[in-house]
1. Within region 214-231, work out how many residues are within 19 Å of residue 174 (Cα to Cα) and either part of a loop (DSSP other than H, G, I, E, B) or without any contact (Cβ under 8 Å) to a residue 12 or more places away in the chain (or both).
2. Since residue 234 meets every condition but one in (1) assigned to a helix (DSSP H, G or I); (2) crowded, with 18+ Cβ neighbours inside 10 Å; (3) among the aliphatic types (A, V, I, L, M), which condition does it not meet?
3. Quick check: is even one residue across region 33-54 modelled with pLDDT of 95 or more, closer than 23 Å to residue 399 by Cβ and either touching a strand residue (DSSP E or B) at 6+ places or on another chain (Cβ under 9 Å) or surrounded by fewer than 23 Cβ atoms within 10 Å (Cβ to Cβ) (or both)?
4. Give the residues of region 360-386 that are farther than 26 Å from residue 335 by Cα and either of a type in the set (Phe, Trp, Tyr) or touching a helix residue (DSSP H, G or I) at 6+ places or on another chain (Cβ under 7 Å) (or both), sorted by residue number.
5. Is it fair to say residue 85 is assigned by TED's automatic domain parsing to the domain that holds residue 39, polar (S, T, N, Q) and buried (at least 23 other Cβ atoms within 10 Å of the Cβ)?
6. Every residue in region 239-251 that is buried (at least 17 other Cβ atoms within 10 Å of the Cβ) and aromatic (Phe, Trp, Tyr), please.
7. From 320, 309, 313, which residue is of a type in the set (Val, Ile, Thr), within 24 Å of residue 444 (Cβ to Cβ) and within 22 Å of the chain's Cα centre (by Cα)?
Amino acid sequence: MARVFLINPGMDVAAGFGEYQSLMEPMPSIGLAYLAAACRAAGHEIRVLDNFVNNHSVDRVVELTREWRADVVGLSMLTPTAMSTAALGRAIRERTGAKVVLGNLHAALFHEDLLREGAGDAVVHGEGEVVFPKLAQALVDGKLGEPPPGVSTRNGDGVRANLPPVLIEDLDALPRPAWDLFPWRRYTFLPFVTVAKPCLSILGTRGCPFRCKFCALGYQGNRVRTRSPDNIAAEVEWLVREFGIRHVGFVDPIFPLSKKHGLATCEAIRARRIPGEWWWTSETRVDVIDEEMCRAMKAARCKRILFGVECGVDELLAGVGKNFTTDDARRAIGAARAAGLQISAFFMLGLPGETAAMTRRTIDFARELDIDFAKFGITIPLPGSELYDNLVREGRIQPGDWGKFTTFNPDPDALPYVPAGLTARELQRLHRWATWRFYMRPKMIFKHVFVIRSIGLKQIVNGASILLRQLFRGRL
């Protein structure tokens, strides 16, 4: 068996989020937790480092790897942290002798460059719970040979790849995420998501059938696989009873996606009569929800529903393949409100073809809707998305400087993409103005201070300080 060290790399939040850095806190990494559980079930000895929590230097991570005598190190690679994660992988390989395996979407997309540059010994493409434990053993035994399905490896100066990856069909058979190996008491979600603490995440489905042009999930296939309702409900109960979790956050791309599955899951949760003050949240689409579904969710202790509304301009929604309209958003939000759910909505500013007047229409639309939270983000063309591929093909963005690919990029000159109808500084100013216009209304201030009260005092002070600095410095 192998000694496997799984690492969630940290990031420079000051560089990535600028003035918004105080709002960023560690969040659960459910993919890594599933991987840890699968490795433990296979008999490997496991250690986990969530470096977003610990914020160790590269030297310290290398030292910990050496001290624990790790055979295999697994690194999760996201686009904004790709460059620092690659550097960490090289340092571990060169200074400890451990084999390094990279995972997650960015690693899969750029596996050839990463492996040739020495960032890792192998890359797992897609879901890793089945293949990674076997790969770890093969690397330790020196018997890798031809890469198993869904894996690419270094081959001298070249790369061998066995693609495409194989999707896991029976999600119920997977062991539950190994949260006991993580600093789970430190985790939260973003302020517009969190309803109580402590909180952890759950996945009820995998895959998304939709093809939004700005989303990278389609790279790994659009076929949806679901867990059985009782299997989901059992995990909810396990999280509440065993860990004392008060907020279970579904992190599926869309949950519920199917009304039949959603209603059955809600009934399975209710049937367990799980005691205590706890709730759950989920994100779904405005065109798959109705009042019956919302009322079932509320009865099953869903407290807040999250909608990707994206925009207040129908032609922009059509341009990015959303296949719903602003009227659909109004209807879904009305259904959620009638059921008594709290509502968060996500909006993207700077979509292809957007002008300043359109951005203002989106801001006004957010204010018009009967929602409790609005999260405004600048559109980032993520690798793996159709939007990214189109812009690269047209020569309008340059891949490589991945630290710029965050929705809260503090430097207007470093935005990877700005639509032709806007300037970078104009877009960032509108982004700040959107948050001010939505939240700095008497009714919203009253609601969050006296009614909803899920945002902690520290976060309220931090958020208000950011907005006031922007106001007094003339940046709104």
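1. 4
2. Of (1) assigned to a helix (DSSP H, G or I); (2) crowded, with 18+ Cβ neighbours inside 10 Å; (3) among the aliphatic types (A, V, I, L, M), only one is false for residue 234: (2).
3. So far as region 33-54 goes, no, none of its residues is modelled with pLDDT of 95 or more, closer than 23 Å to residue 399 by Cβ and either touching a strand residue (DSSP E or B) at 6+ places or on another chain (Cβ under 9 Å) or surrounded by fewer than 23 Cβ atoms within 10 Å (Cβ to Cβ) (or both).
4. Residues satisfying the conditions are 378, 381, 382, 383, 384.
5. Here the answer is yes, as residue 85 does meet what is asked.
6. Keep residues of region 239-251 that are buried (at least 17 other Cβ atoms within 10 Å of the Cβ), which gives 239-240, 245-251.
Within region 239-251, 250 is the sole residue that qualifies.
7. Details: 320 fails: within 24 Å of residue 444 (Cβ to Cβ); 313 fails: within 22 Å of the chain's Cα centre (by Cα).
Going through 320, 309, 313 in turn, the sole match is 309.
Conditions (1) buried (at least 20 other Cβ atoms within 10 Å of the Cβ); (2) touching a His at 6+ places or on another chain (Cβ under 8 Å), marked per residue:
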residue	(1), (2)
78	no, yes
120	yes, no
126	yes, no
148	no, no
159	no, yes
163	no, yes
167	no, no
178	yes, no
185	no, no
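The values are calculated or read from the model by the stated rules, or taken from the named source; none is laboratory data. Quantities reported herein were computed from a predicted structural model and do not represent experimental measurements. A quick note on method: Cβ atoms are made from the backbone with ideal geometry, for glycine too, and the neighbour counts reach across all protein chains shown.
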